[in-house]
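Note sheet for the following structure.
The values are calculated or read from the model by the stated rules, or taken from the named source; none is laboratory data. Treat the numbers as computed from the prediction; the structure is a model and nothing was measured. Ideal geometry is used to build each Cβ from the backbone, glycine not excepted, and the neighbour counts take in all protein chains shown. In case anyone asks, the SASA skips ligands and DNA or RNA and just uses the protein heavy atoms, side chains included. Shrake-Rupley method; radii C 1.70, N 1.55, O 1.52, S 1.80 Å.
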Amino acid sequence: MYLVKECYSYEQDIKKSSFASYICPFSEFETLKEKLKADNPKAAHIVWAYRYYNKYFQIVENCSDDGEPKGSSGPPCLDALRGAELIDTAVLVVRYFGGVKLGVGGLVRAYGSSANLAINSANLIKYEIRDFVSIFVPFALLSRFDHYTSKHDLRVNKIYIESGCVYEFSLTMAEFIDLREFAVEYEIAGMEYLAIPLNAKQI
């Protein structure tokens, strides 16, 4: 699976209609959609599709033809995301009608190619599943865990409480395994897990 970290765009003309396609992180989808609507009040259609993981790591997909013939525009954009193995990503295509009807087959090709052109212009990044991990560390062990997180360049949110500190991470499974191997000898000294990845029981 892959994703994008920023927005990219591409434009093409097909039989006098212009198609401007955009690809963005799913987290920016709603903002970009509203911006495109505001910036393109005379556009005939703003078609979109997205794919993302929910909190159970199930793929959620959706798309819209935005008034184009059913199945002629949104699904080809969604198929482009699937074909590129993109996740947590959205694609939008703004069409200005040029007076020549393309037919359903022509629309499928036009929207599919527009989505693919945006995808091809983007820097695709390998997707790594991350999950929430939380541990409690007594004050006596803080220096050791601070050294570990610094050495392994882990981003951590620290919440100090009366008896120690709660460390909160977003970790890949490999990072969690490494942390667990490091921390096992400190469990007897009071370190404990408050939250672990959903699939950690498989390892």
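Here are a few things to note about the model shown:
- Between helix 103-121 and the chain: long-axis angle, C-alpha atoms, 0 to 90°, nearest 10: 40
- Taking each of Lys70/Lys126; Lys126/Lys158; Lys15/Lys35; Lys35/Lys55; Lys33/Lys70; Lys15/Lys70 in turn, the alpha-carbon distance tops 24 angstrom for Lys70/Lys126; Lys126/Lys158; Lys15/Lys35; Lys35/Lys55.
- Note on the range 1-158: with charges restricted to the Cβ of Lys and Arg (+1) and Asp and Glu (-1), its dipole about the Cα centre is near 40 debye.
- For the chain, the longest principal axis of the alpha carbon atoms and the long axis of helix 74-83 meet at an angle near 50°.
- Summing +1 for each Lys or Arg and -1 for each Asp or Glu among the other residues whose beta-carbon sits under 15 angstrom from that of Ser150 gives 0.
- An ellipsoid equivalent to the range 63-131, defined through the eigenvalues of its Cα gyration tensor, has semi-axes of 26, 12, 9 Å when rounded to whole angstrom and sorted largest first.
- Across the range 41-57, rounded Karplus estimates of 3J(HN,Hα) from the backbone phi angles (6.51 cos²θ - 1.76 cosθ + 1.60, θ = phi - 60°) give x, 9, 5, 6, 8, 10, 8, 8, 7, 8, 9, 8, 8, 8, 5, 9, 6 Hz, Gly and Pro being marked x.
- The chain - accessible surface per residue (Å², probe 1.4 Å): 56
- Fraction of accessible area attributable to carbon and sulfur, the chain (%, probe 1.4 Å): 50
- Distance between modelled label sites at Lys16 and Ser134, nm, 7 Å Cα→Cβ extension: 6.1
- Given R0 = 25 Å, the distance between the Cβ atoms of Lys158 and Asn123 translates into a calculated FRET efficiency of 0.20.
- Loop-located chymotrypsin sites (Phe, Trp or Tyr not before Pro) in the range 1-97, at most 16 other Cβ atoms within 10 Å (DSSP): Tyr56, Phe57, Phe97
- Disulfide-incompatible cysteines by the Cβ rule (no partner under 4.7 Å) in the chain: Cys63, Cys77, Cys165
- Dipole moment magnitude, nearest 20 debye, the range 110-203 about Cα centre, only Lys, Arg, Asp, Glu C-beta charged: 300
- The stretch between Arg109 and Ile177 holds 19.9 nm of extra length on full extension. This uses 0.36 nm per residue minus the Cα-Cα distance.
- Given [x] 1.17; [y] 1.05; [z] 1.01, the label whose value is Rg/Rh (Cα atoms, Kirkwood Rh) derived from this model: [x]
- Restricting the range 50-150 to trypsin sites (Lys or Arg not before Pro) in coil, as DSSP defines it, with at most 11 other Cβ within 10 Å: Lys55, Lys70, Lys101
- Spacing of the modelled spin labels on Glu187 and Lys151, each 7 Å from Cα toward Cβ, amounts to 2.0 nm.
- Accessible area per residue (1.4 Å probe, heavy atoms of protein chains only) ranks His152, His147, His45 as His147, His152, His45, with the largest value leading.
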